[in-house]
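Let me begin by presenting the structure, written as structure tokens, before commenting on it.
Since every read-out is calculated from the coordinates, none of them should be taken as a lab result. All values reported here derive from a predicted model rather than from experimental measurement. In this analysis, Cβ positions are derived from the backbone assuming ideal geometry, glycine residues included, and neighbour counts consider all displayed protein chains.
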């Protein structure tokens, strides 16, 4: 019944540890029944859960005056319950045109960027969205029709972890009709989004046409059955994710073989699988290893891509000496070598823009351009006196760390003073002994503090010390 709904949601939240006492939870409120229902439920549960609730609203710039009214409605709802209100506006149509993606995808991207921002700025610890059992069923059905595997059939996850916080979905087991019954019992109104009736959107067609037909002709409880399938698939994926994370390092090698043995350090987006080890695993594991290796490069492989690679391997001669390639995802190919299978970018798909990412201290940042992480951590010095640490040639006073470190690709004119060198050298000269290809060289990462480069990948970098005698360690990670 409607009045029992908050306790059911509370049980779901606790069973999955979606919220913890003391956490600041921003509820993403569009103004519709689902999000308003989630806000009212968490307001009822906040004392029991020990959480601090706020409201967040994103204006997509799509529906004109109607969207303005939604924004005003949510602002008034937050004010009525004395809640902090996070607001941001964007232009989904412009984003759609810029990225050449659907309006739905553009709106999702903008909304997710908004959630990430309020998490990164430390305003909240958790963002809660109002995805329901209905949304889960629609998602699973759409992904099944598009040929998704078990990962796609897992649908919407209850929790999505980010570096700065988490996005949680506490209503995934609740049908929309129960949320509306709960709101009606509270005499709480909500806004109806007229775009939900627009059959130009795929999800709306599934909601209005496909699912009603499935319920009528196949299973009246199809929504619940699809949601249960997602729960089963999600558990399977969690298990396999752990297994593949352990197996990948056993079969994967980064970079390219070097003369005389070993592997050459490279900035190019490439990863190799040892064929003898790889082909010793069953087919199901091989498929997941291929997808896992590609994901380390930021490349997503669907079933057809994986199958094409497996067929390439099956076509090897017994001697296995032929070099052959097959194109997979956009800009990527698999190349068959004598002892390994290499995933790499095709020559025509090289990226041409510089990159620059903030590096928190302590913390890490992922470089999608290279498929690696750069981590900065503080470790205690070995009894180094404050003045001695401050006077080190390559120390960084603690006050200067209030300026952000950035990870970027090196650029013409950059200079760097490596370990055991008395003066700065042109970075171009320091990279020359690495024998990098042009694309590799262009993407090579450095860490800078303002105009000063303090770390270079593959080059002996000096010890970095804070004024208080703590050591700043910068390192590369591949996973």
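Every helix of 4 or more DSSP H residues in the chain counts as -39500 (n - 2.57), and over all residues that averages to -12000 deg cm²/dmol at 222 nm. Cα axis of helix 64-80 to longest principal axis of the chain: angle in degrees, 0 to 90, nearest 10? Once rounded, the angle reads 80 degrees. What does the C-alpha gyration tensor say about the overall shape of region 2-236? Classify as rounded when a/c is under 1.5, otherwise prolate if a/b is larger than b/c, or oblate. Rounded, since a/c falls under 1.5. If R₀ is 60 angstrom, what is the calculated FRET efficiency for the pair residue 426 and residue 184, using the beta carbon separation as r and rounding to 0.05? That gives a FRET efficiency of 0.25. The order of 81, 57, going from fewest to most other C-beta atoms within 10 Å of their C-beta, is 81, 57.
Against the main long axis of the alpha-carbon atoms of the chain, helix 176-186 sits at an angle near 60°. Under the simplified labelling scheme, the residue 315-residue 415 pair shows an inter-label distance of 5.3 nm, with each label point 7 Å from Cα along Cα→Cβ. Counting 0.36 nm for each residue step from residue 177 to residue 157 and taking away their Cα separation leaves a gain of 5.1 nm. Beta bridges per DSSP, both residues in the chain: antiparallel share near 75 percent. Sorting 142, 19, 213 by the number of Cβ atoms found within 10 Å of their own Cβ, with the fewest placed first, yields 213, 142, 19. Could you point to the label whose value was computed as Rg and Dmax of the Cα atoms in Å for the structure here, given (i) 24.0, 75; (ii) 32.2, 105; (iii) 26.2, 80? Here the calculated entry is (iii).
Taking Cα atoms only, the orientation of helix 133-145 departs from the longest principal axis of the chain by about 60 degrees.
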